[in-house]
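Trainee: Below are the structure tokens for one structure; questions will follow.
What follows is calculated from the coordinates using simple rules that are stated; it is not laboratory data. Note that the structure is a prediction, hence the values are computed from the model and not measured. In this analysis, Cβ positions are derived from the backbone assuming ideal geometry, glycine residues included, and neighbour counts consider all displayed protein chains.
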Amino acid sequence: MRLSVVGCGYLGAVHAAAMASIGHEVVGIDVDERKIAQLASGVAPFFEPDLQDLLVEGLESGRLTFSTDIAAAVGASVHFVGVGTPQQKGGHAADLTYVDAAVDSLLTILKPGDLIAGKSTVPVGTAARLAERIDGSGATLVWNPEFLREGWAVKDTIEPDRLVVGVPVSDGADGSAQGAPSVEGARAADILREVYAPAVATGTPFIVTDYATAELVKVAANAFLATKISFINAMAEISEVVGADVTQLADAIGYDARIGRRFLGAGIGFGGGCLPKDIRAFAARAEELGKGESVGFLREVDAINLRRRDRAVALVVAAAGGSVFEKKIAVLGAAFKPHSDDIRDSPALDVAVRLHGLGANVVVTDPAAIENARRDHPQLEYSADLDEALRGAEAVVVVTEWDEYRRQLAPERAAALVNATVVVDGRNCLDATTWRAAGWTYYGMGRP
Ligand code: UDX
């Protein structure tokens, strides 16, 4: 099939490359000339495993092209919209400027029968509004949210655990049952089944629903994940007072299949380009709908999450003997999570910035995110060399659980480099027993 993907950020670039890899002819479109030039020359503009290979493969096959001109989308029958929906400046709601602009630009090239498939995370009600906007074009709008995780984006796109598509539903006038997909909606769902044929063939659940449900599925999933993380971090706060160990607590409750151990990693909390902004936008949208109280707990989820950064900073200050002023602190990690160079709303970098604010000589190291971190926070010192970062440190804080720190860094070797053998494990990712046995004073999050 011929597809276009409008917006070539994390979501769109991966989607375009992944769709080309399963055999479609895809054009990726973005207004950012630099990004398009990079993608067109086979260079992934951000770190994402397998993306680089997929890009090169797609470009060489001739099935994948990139352009800054929306006219390049002429001829495609499905147009994906994967532009950003950042947090509004000065507010919590989502900024829909880019989504609206993408749909408006598509309006100039749409032909009857085309599909616009929105993938961006949007406030519930957006799809209905956009459907009105394209009314009269003869094209159909569907909402097809994306659940990809950074670091697994290619795999999550090609082998998703479910596909969700919100389509126009019938008012009964077109012969379809009222509330069921309209004739137009059913046709749109069939087209998307064809787009995702390999995943559909392996039995991936394919949920066809209305616009509002599809939009809500996405924000509900992210709200649930954020809540799960903040729940265990709240347990960490209690554990700290009573001397309990939140990691054992998480293991023990996680064995209950109804609870499950995943996303019960207590530490400095969640960050990134999605969870923080999405729960805030959800709460803001619920307020607009007069149902703020229904998701009022998301404010707590956000607050618990931010408190864990304070806690990590306080632990480092304690670990450094009550003050970090003019002391070298080795900060291991800058990315919001491992296998990513993304520093958007990164709790790791926030801890580094706060320690710097307290007068510490912070040296930040990270296997992938230094360049991005330096761009946003040039005031910090960086070293790509882990040993260099550790050398002479008065305290070490691990804030992103890269394998380089949790598996490959031997506590004995680290001990030989630092000035003081104190470590704050902001991700509860080190083996406390081994580190203590090697002479370290170990501080975890929610652990004795
Ligand atoms: C998330 C959702 O998982 C994904 O489905 C959605 O499409 C986009 O948002 P992502 O932002 O890539 O994906 O990261 P994720 O793996 O969910 O981690 C988010 C944050 O939570 C990270 O900062 C991570 O370190 C933190 N986290 C995760 C924890 O603190 N504890 C955990 O147990 C799990």
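Trainee: Choose one of Y442, L417, V398: the residue whose Cα lies farthest towards the positive end of the charge dipole of region 289-448 (beta-carbon charges +1 Lys, Arg; -1 Asp, Glu; about the Cα centre).
Mentor: Y442
Trainee: Show me the trypsin sites (Lys or Arg not before Pro) within region 392-448 that DSSP assigns to loop and that have at most 15 other Cβ atoms within 10 Å of their Cβ.
Mentor: Taking region 392-448 and a limit of 15 other Cβ atoms within 10 Å, the loop trypsin sites (Lys or Arg not before Pro) found are R407.
Trainee: If you build a Gaussian network model of the chain, linking Cα atoms that sit under 10 Å apart, which residue out of S239, S137, S294 swings the most?
Mentor: Result for the chain, Cα springs under 10 Å: S294 fluctuates most.
Trainee: Among F147, F325, F270, F297, rank each residue by its count of other Cβ atoms within 10 Å, from fewest to most, as a rough exposure measure.
Mentor: Placing the least packed residue first, the sequence is F325, F297, F147, F270.
Trainee: Find the relative contact order for region 120-239 and round it to a whole percent, using C-alpha pairs within less than 8 Å whose residues are 6+ positions apart.
Mentor: Relative contact order for region 120-239 comes out at 30 percent.
Trainee: Helix-only mean residue ellipticity at 222 nm, the chain, DSSP H runs n ≥ 4 weighted -39,500 (n - 2.57), per residue, nearest 500. What is it?
Mentor: So the helix-based figure for the chain works out to -13000 deg cm²/dmol.
Trainee: For the chain, set up a Gaussian network in which alpha carbons nearer than 10 Å are linked by springs, and say which option among R307, R375, R162 fluctuates the most.
Mentor: R375
Trainee: Non-local amide H neighbours of T140 (under 5 Å, H modeled in plane, Pro and chain starts lacking H): which ones?
Mentor: Long-range HN contacts for T140: G113, D114, L115, I116.
Trainee: Rounded to whole Hz and in sequence order, give me ³J(HN,Hα) for region 51-57 from the Karplus expression 6.51 cos²θ - 1.76 cosθ + 1.60, θ = phi - 60°, writing x for Gly and Pro.
Mentor: Taking θ as phi minus 60°, the curve returns 5, 3, 4, 5, 4, 4, 4 Hz for region 51-57.
Trainee: Is there a pair in K89/K327; K155/K218; K228/K277; K228/K327 whose C-alpha atoms are over 24 Å apart, and which pairs would that be?
Mentor: K89/K327; K228/K327
Trainee: Between R436 and R133, what's the calculated FRET efficiency when r is the beta-carbon distance and R0 is 35 Å? Round to 0.05.
Mentor: It comes out at approximately 0.05.
Trainee: I've got another one for you. Pairs of alpha-carbon atoms within less than 8 angstrom and 6+ residues apart define the contacts here; what relative contact order does the chain have, in percent?
Mentor: With pairs under 8 Å counted, the relative contact order is 11 percent.
Trainee: Something else: Highest GNM mean-square fluctuation, the chain, Cα pairs closer than 10 Å: which of E215, E394, E159?
Mentor: In the Gaussian network model the winner is E159.
Trainee: Here's something else I'd like to know. For region 384-399, what does the Karplus curve 6.51 cos²θ - 1.76 cosθ + 1.60, with θ = phi - 60°, yield as ³J(HN,Hα) per residue in whole Hz, taken in order and with x for Gly and Pro?
Mentor: Using θ = phi - 60°, the values come out as 6, 9, 4, 4, 4, 5, 7, 4, x, 5, 8, 6, 10, 10, 9, 10 Hz.
Trainee: If the only charges are +1 at each Lys and Arg Cβ and -1 at each Asp and Glu Cβ, what is the size of the charge dipole of region 306-426 around the Cα centre, to the nearest 20 debye?
Mentor: 400
Trainee: Which of the three applies to the chain, rounded, prolate or oblate, going by the alpha-carbon gyration tensor with a ≥ b ≥ c and a/c under 1.5 meaning rounded?
Mentor: Taking the square roots of the gyration eigenvalues as a ≥ b ≥ c, the chain is prolate.
Trainee: May I pose another question? Taking a ≥ b ≥ c as the square roots of the eigenvalues of the Cα gyration tensor of region 217-448, is the shape rounded (a/c under 1.5), prolate (a/b larger than b/c) or oblate?
Mentor: Because a/c hits 1.5 or more and a/b exceeds b/c, region 217-448 counts as prolate.
Trainee: Suppose every K and R has +1 on its Cβ and every D and E has -1 on its Cβ; what is the size of the dipole of region 217-448 about the Cα centre, in Debye to the nearest 20?
Mentor: Its charge dipole is roughly 440 debye.
Trainee: Now for a separate question. Using only the Cα atoms of region 190-290, build the gyration tensor, take square roots of its eigenvalues as a ≥ b ≥ c, and label the shape rounded, prolate or oblate: rounded if a/c is under 1.5, else prolate if a/b is larger than b/c, else oblate.
Mentor: Oblate is the answer for region 190-290, as a/c is 1.5 or above yet b/c matches or exceeds a/b.
Trainee: Please state the charge dipole magnitude for the chain, taken about the Cα centre, from unit charges on C-beta atoms (+1 on K and R, -1 on D and E), reported in debye and rounded to the nearest 20.
Mentor: 860
Trainee: Would you list which lysines come within 26 Å of K328, measuring only between C-alpha atoms, while excluding same-chain residues fewer than 8 positions from it?
Mentor: Correct list for K328: K337.
Trainee: How do K291, K218 line up, fewest other C-beta atoms within 10 Å first?
Mentor: Fewest to most other Cβ atoms nearby, the residues stand as K291, K218.
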